[in-house]
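A quick write-up on the structure given underneath.
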Amino acid sequence: MKTLLSALLATTMLAATAASAQEFRIGLQEDPDVLDPHKARTFVGRIVFTSLCDKLIDVDAELNFVPRVATEWAWSNENKTLTMTIRDDMVFHDGSKLDAEAVAANIERARTLPDSLRRSELASVESVEAIDATTVALNLAQPDATLLAQLSDRAGMLLSPASFETDVGTSPVCSGPYKFVSRVQNDRIVLEKFADHPDADEFSFERLVFQPIPDSTVRLANLQAGDLHMLERLNPSDAETVRGDANLQFVTVAGLGYQGITINTGDGAKADNPLGTDKRVRQAFQLAIGRDIINDVVGNGLFEPAQQPFPPASPFNSPDFPVVARDVDAAKALLAEAGHERVAFELSFGNNTTAMAINELIQAMATEAGFDISLRPTEFAAMQQEMKSGNYQAAQIGWSGRVDPDGNLHQFVTCEGTLNDSKYCNEEVDRLLDEARVTPDTQARQPLYKQAQDILQDELPIIYIYHQPWPFVLSSAVEGFKAYPDGMLRLQGVSLAQ
């Protein structure tokens, strides 16, 4: 009898282990907002959508656009018509056909729904039509080089049209490799594998469980205890602990965004100082900063030094602008050339421990080169208002980044740019970036951004410090995971070791 009980127990344990292996648990930094891709606004929500909702197109690890639901696309009519071919082997989670009419209905919903947050992203689209079952055409009011990037994100995600009149945000019906099962707010979102997805065989897990755990240390403790299989956005202060744990894998990649220092060059009385009026002083300030030192001391190796607004994986990141190394003597020489022995200014930043450490380090390094910096820690939202009203001299602030280069540059440095807090204005920069915005071809756009950066790297309204990283931690049992610059979790080919 004892032998029989032992055998039953062993069988039960093996069955439990096998069942557990079918479930993949992911720790998130926040709880996503509404699960309607046309109304959602959070970064973490996009992580869930990546498994739940297919998109028309996607990006690869080098940020090239690659087919997803649309197998190919082409521009015509002087770049005012985008025609896409839709694959014919897909259905939504409710069993309805995913065809060109369904795609057209989704684009129409995203661009016209009164509370859609995708309306501005699709503002160039005048109409959309299903030409036949597998062909859809988007007709634009004017050329829009950013449209493919929009369709590679939430504006290109597809819902079953039959679900439009239901409460999509709490019970989404998409076509992705996993379908929605349940959600407990601030606790978990559960998805189940969709067997009818054409790529279902490439996804190992039967269930995905997303668990929001805001405290990074608690999130890591859950992973170390085996309650999670992976987590996103590790705090840099925990990086050393993770690297020393043989039971964990540390995977990080530079994201699409950046952290930098925006300098008030033209907005009122606060711009009237040597830093704001003389590019040589800004060039000297740049030379005083050791980006590699910030990466080592504060970033624990996660803050990859940046010289430009485009991440290393972007085809618009130019090798002509390598990271400027710290050179105190050269900084002093430039200040002397500008007629100054020392320059004083105030540096604002969002009041958190990481930003405090970064800016105290910048203050110390710049002091050696001849700068007397007064630090001004400010509540983040209040600082943004101060920058908008011109009540600052320099501010350390970041941007989460966009796939298309236009999203990382145009609105920050063009004369009428909506986020141009520097109030920097150069008509040639405007001309180049406006032309790049309506030029669809990547190779034709690259020299336009290169020429714009030639000017911006000389005049320095923004000094880029580091690329925003996406640090992931996984159990050592996870195999096949690859980090992408957009921070999304693509689980195709990912499995747990037996």
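The values are calculated or read from the model by the stated rules, or taken from the named source; none is laboratory data. Owing to the predicted nature of the structure, the values given are computational and were not obtained by experimental measurement. Here the Cβ is made from the backbone with ideal geometry for all residues, glycine too, and neighbour counts use every protein chain on show. The area values use the complete protein model at the heavy-atom level, side chains included, leaving out ligands, DNA and RNA. Shrake-Rupley method; radii C 1.70, N 1.55, O 1.52, S 1.80 Å.
Take every pair of alpha-carbon atoms less than 8 Å apart whose residues are at least six positions apart; their mean separation over the length of the stretch 35-96 yields a relative contact order of 18 percent. Between ASP89 and GLU108, the modelled labels are 2.9 nm apart [label points 7 Å from Cα along Cα→Cβ]. Under 5 Å from the amide H of SER127 lie the amide H atoms of ASN139, each residue being 5 or more positions distant or on a separate chain, with H modelled from the backbone and absent for Pro and chain starts. Given a Förster distance of 45 angstrom, what is the FRET efficiency for GLU78 paired with SER171, based on the Cβ-Cβ distance and rounded to 0.05? With R0 = 45 Å, the Cβ-Cβ based efficiency is 0.60. The distance between label points at ASP458 and ALA246 comes to 5.7 nm (points 7 Å beyond Cα on the Cα→Cβ vector). Place a label point 7 angstrom from the Cα of CYS415 along the Cα-to-Cβ direction, then list the residues of the stretch 422-460 whose backbone nitrogen is under 15 Å away. Only 423-435 fall inside the zone, counting backbone N under 15 Å.
Taking a ≥ b ≥ c as the square roots of the eigenvalues of the Cα gyration tensor, the stretch 298-340 is oblate, since a/c reaches 1.5 or more and a/b is not larger than b/c.
Excluding same-chain neighbours fewer than eight residues apart, the lysines reachable from LYS80 by a Cα-Cα span under 24 Å are LYS55. When only Cα pairs below 8 angstrom with a gap of at least 6 residues are kept, the stretch 436-498 shows a relative contact order of 22 percent. Taking only protein heavy atoms and a 1.4 Å probe, the accessible area of the stretch 185-248 is 39% carbon and sulfur.
Taking the accessible area of the stretch 250-296, probe 1.4 Å, and keeping the other protein chains in place, the carbon and sulfur fraction comes to 45%.
The distance linking the stretch 215-285 with the stretch 404-422 is 21 Å (Cα centroid to Cα centroid, whole angstrom). Taking each DSSP H run with n ≥ 4 as -39500 (n - 2.57) and averaging over every residue of the chain yields -9500 deg cm²/dmol at 222 nm. Descending by average beta-carbon neighbour count within 10 Å, the peptides 137-150, 160-173 line up as 137-150, 160-173, the highest first.
Overall form of the chain: oblate. Here a/c, set by the Cα gyration tensor axes a ≥ b ≥ c, is 1.5 or more, and a/b is not larger than b/c.
Applying 0.36 nm per residue to the separation of MET356 and ALA141 and subtracting their alpha-carbon distance, the gain on full extension is 72.8 nm. Between ARG402 and ASN408, the built amide H atoms are under 5 Å apart, and every one of these is 5 or more places off in sequence or on another chain.
Summing Cβ point charges (Lys, Arg +1; Asp, Glu -1) relative to the Cα centre of the chain gives a dipole of roughly 900 debye.
Structure note, pairs LYS388/LYS423; LYS97/LYS179; LYS332/LYS423: Cα-Cα distances above 19 angstrom occur for LYS332/LYS423. Put a dot 7 Å past the Cα of ASP33, heading toward its Cβ, do the same for ILE293, and the two dots end up 4.0 nm apart. In percent, rounded to a whole number, the relative contact order of the chain is 19, using alpha-carbon pairs under 8 Å and six or more apart.
Checking the a/c ratio against 1.5 first, then a/b against b/c, what shape does the Cα gyration tensor give for the stretch 339-481? Oblate, since a/c reaches 1.5 and b/c is not below a/b.
Using a probe of 1.4 angstrom and keeping all protein chains present, the accessible surface of the stretch 70-204 works out to 43 square angstrom per residue. Looking at the chain, send over the antiparallel percent of its DSSP beta bridges, to the nearest 5. Antiparallel: roughly 75 percent of the beta bridges in the chain. The separation of the stretch 336-368 from the stretch 428-498, counted between C-alpha centres, amounts to 27 Å. With the charge dipole of the stretch 372-498 set up from +1 on Lys and Arg Cβ and -1 on Asp and Glu Cβ about the Cα centre, the Cα lying farthest toward the positive end among the listed residues HIS410, LEU448, VAL473 is that of VAL473.
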